[in-house]
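Student: Have a look at this one before I ask anything.
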Amino acid sequence: MSYVSLAVNWIMFLALFPMAFIWLRRAWRIAVKRDFSEVALKRGQSPQNPVKYAPYAAAVNLLAGVVVVSVIVGVLTAAYDYATWSAMAGVTIWLKLIADFILGRQAHLFADKK
């Protein structure tokens, strides 16, 4: 393994820590603190009724955060090889982004029509 690929692996692994923190913190804010300021955003704007979409946003953030934490633990305990943990992290990141996009568009569906 070359030094460049080793450095890229470390950068990808270290990037998981802030992602997990942000996603779990966002789930905590939505579910426990009842802060709906980051629920289903579209162009930085909240929907008219963010409470309706809060459980879905909390579930997406919680699920993505837990999967990323399990990837981190799996890498640190040598339970996952590179192909496994990078695939799990990559699919989780993409699905989280897609789910947030869909949730934001669904929440603003009728507000844009008026």
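Just so you know, all these numbers are worked out from the coordinates, no wet-lab data involved. All values derive from a computational prediction rather than experimental measurement. So basically every Cβ, Gly included, is an ideal-geometry build from the backbone, and we count neighbours across all protein chains shown.
Student: Any chance you could count the Lys pairs in the chain whose alpha carbons are under 22 Å apart, treating pairs 8 or more apart or on different chains as valid?
Tutor: So the count of such lysine pairs works out to 10.
Student: Could I ask something else about it? Tally Lys and Arg at +1 and Asp and Glu at -1 over the other residues with C-beta under 15 Å from the C-beta of V71: what net charge comes out?
Tutor: That sum, taken over residues with Cβ under 15 Å, equals 0.
Student: Rounded to two decimals, what is the ratio between the C-alpha radius of gyration of the chain and 2.2 N^0.38 Å?
Tutor: 1.24
Student: Extent of the stretch 31-84 along each principal axis, from alpha carbon coordinates, in Å, largest to smallest?
Tutor: For the stretch 31-84, the Cα spread along each principal axis is 46, 24, 13 Å.
Student: Among 76-89, 12-25, how do they line up by average Cβ neighbours within 10 Å per residue, starting with the highest?
Tutor: Going by the mean number of other Cβ atoms within 10 Å, highest first, we get 12-25, 76-89.
Student: I102: net charge of surrounding residues, Cβ under 12 Å, Lys/Arg +1, Asp/Glu -1, itself excluded?
Tutor: +2
Student: Could you work out Rg/(2.2 N^0.38 Å) for the stretch 9-50, with Rg from alpha carbons only?
Tutor: 1.47
Student: How would you rank 28-41, 58-71, highest first, on the average number of other Cβ atoms within 10 Å across their residues?
Tutor: Order by mean packing, descending: 58-71, 28-41.
Student: Given the -39500 (n - 2.57) contribution per DSSP H run of 4+ residues, what per-residue ellipticity at 222 nm results for the chain, rounded to the nearest 500 deg cm²/dmol?
Tutor: When only DSSP H runs of four or more count, the value is -25500 deg cm²/dmol.
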